[in-house]
Amino acid sequence: ITVLRNLQYLCAERTGPRDVYPSNNFFEYPNVGVHGENTPWVLHQFAEMMPLPSLLIERATKNLQRQVEAWMQEFFPGLGLEVIPVAKTNLITLGLRMSDAENFHRPQNVGYGITHVLPIVTAGLSGNSKSILLIENPESHLHPRGQSLMGEFLARVAASGVFTVVETHSDHVLN
């Protein structure tokens with residue numbers, strides 16, 4: 001069971017933009033879910049967790065939520081993240097903005113690629129040396145530059161000690 005606890009599998013069909021996401025308070029460890037549906041919950045519940053040192057972006061606070069935001073800004077410059085639990089429910093909202101000058105928007109009002117990349121970045125940064133990360137089609141909804149950056153990100157995750165398996169059709173990810 002320890003192996004399964006450390007496994008994060010993201011299938012090719014990831015959860016797209018939603019008004020609310022589930023808040024799974026029964027997990028004691030970060031897991032974004034097979035479709036990435038638990039990503040906002042992981043960002044909230046494990047916000048203060050420190051990613052592996054080799055994955056840190058120096059300009060950002062060294063906790064999971066801010067490091068995920070910093071890595072997402074590599075893909076989508078100016079991106080800001082906000083996760084807020086909905087009172088008295090098992091739901092959580094995700095707010096996104098494309099610059100500090102904007103208010104946070106619902107995920108439906110920004111690019112679709114953001115909700116496809118966010119679970120991958122969150123899963124990669126929440127991993128450790130005992131983790132196994134399986135990802136199908138990480139290039140989904142990304143332009144070639146973004147696909148290349150995804151390959152670089154996943155290579156860094158693997159080099160940090162997270163056992164990483166990727167199924168891709170993109171030569172940009174591979175290169």
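The values are calculated or read from the model by the stated rules, or taken from the named source; none is laboratory data. The shown structure was predicted, so the numbers you read here are calculated from the model rather than taken from an experiment. Here the Cβ is made from the backbone with ideal geometry for all residues, glycine too, and neighbour counts use every protein chain on show. What goes into the accessible areas is simple: the full protein's heavy atoms, side chains included, and nothing from ligands, DNA or RNA. Shrake-Rupley method; radii C 1.70, N 1.55, O 1.52, S 1.80 Å.
Rounded if a/c is under 1.5, else prolate if a/b beats b/c, else oblate: with a ≥ b ≥ c from the C-alpha gyration tensor eigenvalues square-rooted, which is the stretch 28-70?
Working: a/c = 2.10, a/b = 2.01, b/c = 1.05.
Here the stretch 28-70 falls in the prolate category.
With both labels modelled 7 Å from their Cα along Cα-to-Cβ, the residue 98 to residue 155 distance reads 2.9 nm. A straight line joining the Cα centroids of the stretch 106-129 and the stretch 13-67 runs 8 Å. Fully extending the segment from residue 73 to residue 175, taken as 0.36 nm per residue of separation minus the present Cα-Cα distance, adds 34.6 nm. Accessible surface calculations at 1.4 Å, restricted to protein heavy atoms, place the stretch 46-147 at 46 Å² per residue.
Using equal-weight Cα scatterers in the Debye expression, the normalised intensity of the stretch 1-57 in log10 at q = 0.26 Å⁻¹ is -1.19. Between residue 29 and residue 134, residue separation times 0.36 nm minus the direct Cα-Cα distance comes to 36.1 nm.
At 20 °C and 1.002 mPa s, grab the translational diffusion coefficient of the stretch 33-175 from Stokes-Einstein with a Kirkwood Rh over Cα pairs, rounded to a whole number in µm² per second. Present the calculation step by step, with values, prior to reporting the outcome.
Values: Rh = 15.4 Å.
The calculation lands on 139 µm²/s.
Restriction of the GluC sites (Glu not before Pro) in the stretch 9-67 to DSSP coil positions whose beta-carbon has at most 15 other beta-carbons within 10 angstrom yields 13, 28, 48, 58.
What translational diffusion coefficient, to the nearest whole µm²/s, does the stretch 91-138 have by Stokes-Einstein, given a Kirkwood radius computed over alpha-carbon pairs, a temperature of 4 °C and 1.567 mPa s viscosity? Don't skip to the answer; put the middle values down first.
Working: Rh = 12.7 Å.
In µm²/s, the coefficient rounds to 102.
Accessible surface of the chain, 1.4 Å probe: 54 percent of it comes from carbon and sulfur atoms.
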